[in-house]
Amino acid sequence: MSKTASPILTASLPRNSASDASKPVTNTFFAQTALDESGDKGEFKRVDASWRNWVKKEPDAQFPAEKDRYHLFVAYACPWAHRTLMTRAVKGLDDTIAATVVHPIWQKTKPDQDEHSGWVFGNAEGEMLTNTEGNGGPFPSIFPHNEPEPFFGSQSIRELYEKAGDTDGKYSVPILWDKKRNTIVSNESSEIIRMLNSEFNDFAKNPDLDLYPIEMHVAIDKVNSWVYPTINNGVYRCGFAKSQEAYDTAITELTESFDRIADILQKQRFIAGNKFSEADIRLFVTLVRFDEVYTVYFKTNTRSVAHTPSILNYCREIYQMPGVKDTVNMEQIKAHYYCSHPILNHFSIVPRGPDFVDLLEQPHNRNNSLN
């Protein structure tokens, strides 16, 4: 994938003044996607999110919590965006923060300028699509629940970043957008879900649900510290590895952590204890994609959720919680992964798969036992 040198927002601490939000720190970098993020030994090295502001419930905050002020831009396909949709659903914030779902299959965002491919918005009037190499499909120009960008008529997520002054970055989802300031608040999913958990309780339908209770901070942070690198990001480290050494390291760590999860879930109801928490949301969004996508596409076939009873029942319980099912769109998940990276799947053939969602619909027995 060719690149053009240009500045990109870099990771930073949350900004403290209103003027800071429109003055990103810049480095020389390239417009890119995750496929470009590799180390010297072929290992996948994810670039940190760039926009790290915070919504706060205090009325004098730089970004105060308000109903109908903020908007989520997400992809059903993306696990990081899925975290925010799940948190929004279980907290009951659907009426407070609207969301726009992008098209699942990456397209070239500025074909007359460079080769960058990424998230685009659905277009009901558009022509049928292929992958960026002209193969696959043809795919519809809009999937169910995809919508146009509602504020500026942007054709791609890249254009939305450019509206906020980020002209050459990693144009990722989710985005928490401030409609009053017309800027990005955050594109770091782990921080967005904490904002949704704690800062909007005055508007939430389920304000008493605390996904990060103070008495569980240590346990949750500890789980996140190993689940993220070896499971959440671990599947990408396997799938995007560019050397056997890098893959072997990643798959070994993933397999060990998968077994660790299976063991934990035989002893306690949820991954950080006996209470549902943000750690479960972060884990579930990877596990729900595991059998249909990662075991095939990212070569994580040492293990299977469907063949691990403690993990399967855990996934069933979470999937059947109110609101969660509606955030899982396996059609768009598979369309994105199998059709957005021609270097990994040249003809964008979508495997039929085991119908993992049907397994999730079946009753779990965790009311009586953990297995």
Review point. Does region 132-149 contain at least one residue that is over 22 Å from the mean Cα position of the chain (by Cα), under 10 Å from H103 (Cβ atoms) and of a type in the set (A, V, I, L, M)?
Key: no
**Study point:** Matching option when the condition is outside the structural domain of S277 (by TED's automatic domain parsing), at pLDDT 95 or above, over 19 Å from the mean Cα position of the chain (by Cα) and surrounded by 19 or more Cβ atoms within 10 Å (Cβ to Cβ), among A241, A204, A246
**Key:** A204
Check your understanding: For region 335-359, how many residues meet the condition of being in a helix (DSSP H, G or I), more than 22 Å from the chain's Cα centre (by Cα) and not aliphatic (A, V, I, L, M)?
Key -> 1
Review point. For region 124-155, which residues satisfy the criterion of being free of Cβ contacts under 8 Å to residues at least 60 places away in the same chain, closer than 25 Å to H346 by Cβ and either surrounded by fewer than 16 Cβ atoms within 10 Å (Cβ to Cβ) or not assigned by TED's automatic domain parsing to the domain that holds K108 (or both)?
Key: G126, E127, M128, G134, P138
Exercise for review: Select from region 103-117 the residues that are in a strand (DSSP E or B) and out of contact with any Phe, Trp or Tyr (no Cβ under 9 Å at 6 or more places or on another chain) and list them in ascending order.
Suggested key: K108
**Study point:** Lone unmet requirement of (1) within 17 Å of D291 (Cα to Cα); (2) free of Cβ contacts under 8 Å to residues at least 40 places away in the same chain for R237
**Key:** (2)
Practice item. Being over 15 Å from the mean Cα position of the chain (by Cα) and assigned to a loop (DSSP other than H, G, I, E, B) is the filter; apply it to region 83-102 and report the residue that is farthest from F73 (Cα to Cα). Key: G92
Check your understanding: Can you find a residue in region 305-323 that is over 20 Å from Y228 (Cα atoms), among the hydrophobic types (A, V, I, L, M, F, W, C) and not assigned by TED's automatic domain parsing to the domain that holds V120?
Key -> yes
Practice item. Evaluate the following for R366: is it touching a helix residue (DSSP H, G or I) at 6+ places or on another chain (Cβ under 8 Å), of a type in the set (K, R) and touching a residue at least 60 places away in the same chain (Cβ under 8 Å)? Key: yes
**Study point:** Residues (within 12 Å of I157 (Cβ to Cβ) and touching an Asp or Glu at 6+ places or on another chain (Cβ under 9 Å)) located in region 92-108
**Key:** T100, V101, V102
Exercise for review: For region 292-301, state whether one or more residues are at pLDDT 95 or above, over 20 Å from the mean Cα position of the chain (by Cα) and more than 24 Å from P213 (Cβ to Cβ).
Suggested key: yes
Check your understanding: Across region 47-71, what is the number of residues that are at pLDDT 95 or above, surrounded by fewer than 22 Cβ atoms within 10 Å (Cβ to Cβ) and under 21 Å from S156 (Cα atoms)?
Key -> 1
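The values are calculated or read from the model by the stated rules, or taken from the named source; none is laboratory data. Model, not experiment: these values are computed from the prediction. Cβ coordinates were reconstructed from backbone atoms using ideal geometry, including for glycine residues, and neighbour counts include every protein chain displayed.
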